[in-house]
Every structure is written in structure tokens, then in C-alpha cells.
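To start, the structure itself, in C-alpha cells.
What follows draws every value from the coordinates through simple rules; no lab data is involved. These numbers come from a predicted model, not from an experiment. Quick reminder, even Gly has a Cβ in these numbers, built from the backbone with ideal geometry, and neighbours come from all protein chains shown.
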Amino acid sequence: MEVGEKVPNITLTDQNGKDFSFKKLIGKNSFVVYFYPKDFTPGCTKEACSFRDSYEDFKELGAEVIGISADSHKSHSKFADEYDLPYIFLSDESKDARKAFGVKPNLLGLLPGRETFIFDKDGKLIHKFNSMNAGRHMPEALTVLQKNQD
């Protein structure tokens, strides 16, 4: 995906086992979609908790946060419960979302990539960020949204 493109029209399963489509956010919220390697790993837990700790800041900016990995919706449900994560987690077991967003593997293809995408209310990509450093994603996403306030 490149800046200016629309969010892919795909449906994934959320942590509650329900279908979720990005279409339902268009026209209502800006949103942050972050791809991460795996539930319960140290870096991914740190990243998820950093989004949790600033979730109210995202909500105040009118933005939703969505985490995506290849873990099952049941794993996401346990992950969200254990760390009190209030936002949406989507299961991409088929890796269709990774393909649609163009998220490449890291570390010589051994790890799924860690990449964050920020979309405006119209579902248009305004910024993307790729780093295996889990601690950099939340602050960058929040800064971009703050700078892009209407």
C-alpha cells in the first residue's frame, strides 16, 4: 500500500469471533492498523500495551486502533483479556490482510513484519511506518494523527 490508497475491502474475524470489515469505519473514524508478529511475545505485548496506555488519546482524536496478526481469534481474546486491551484485534490466519496491505516479513523472512498504517476518516492511507522496534509504533501513530487533525 502507498500513501493515498484506500484501505483494502477485506473482512477478518475479531477477538470475539465476529466478522469485521474496515468499511464500517469509513466516514466515521480515522484508524490505526498495526500488524505484529505474535500474541504474548515480549515485543508484541509491549506494543499492544503501549496502544492500550494511550487508547484514550486515540479516541479523543476520533481514531480507532486495530491490531492484526496471524493468531486465532481465541488467542486474541486471551491476549486482550490478560492485558486489558480495549481495542479491536483481528485474526489474519490466511495472511490475506498482510498480502492486501503489502506487509513484508522481516529478519530474512523468519518473522512476520511489524508495520503500522494510519488512515483518515475516508479510509485513505495518510502514513505508514515499518520497524521491528515495537516501542516506536504507537508514538509515531499518535503524532501523525495529532498533526492531521481537521
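Stretched out fully, how many nm does the piece from residue 140 to residue 78 gain, at 0.36 nm a residue minus the Cα gap? Each step should come with its number before you reach the end.
On the way: separation 62, 0.36 × 62 = 22.32 nm, distance 2.68 nm.
Contour length minus the Cα-Cα distance gives 19.6 nm.
With the radius of gyration and the Kirkwood radius both derived from the Cα set of region 101-150, what is their ratio Rg to Rh?
Numbers: Rg = 12.3 Å, Rh = 11.9 Å.
Here the Rg-to-Rh quotient is 1.03.
So which lysines pass the test for residue 74, namely a Cα distance under 25 Å, with those fewer than 8 places away in the same chain ruled out?
The reachable lysines, counting only those whose Cα sits under 25 Å from residue 74, are 18, 23, 24, 38, 46, 95, 99, 104.
May I ask what percent, to the nearest 5, of DSSP beta bridges between residues of the chain are antiparallel?
65
Can you order the peptides 1-11, 88-98 by their average number of other Cβ atoms within 10 Å per residue, highest first? Write down the numbers at each step before the final one.
On the way: 1-11: 13.5, 88-98: 18.5.
Averaged packing, sorted descending, gives the order 88-98, 1-11.
Give or take rounding to whole Å, what are the principal axis extents of the alpha carbon atoms in the chain, in descending order?
If we take the Cα atoms of the chain, the spans are 37, 30, 29 Å.
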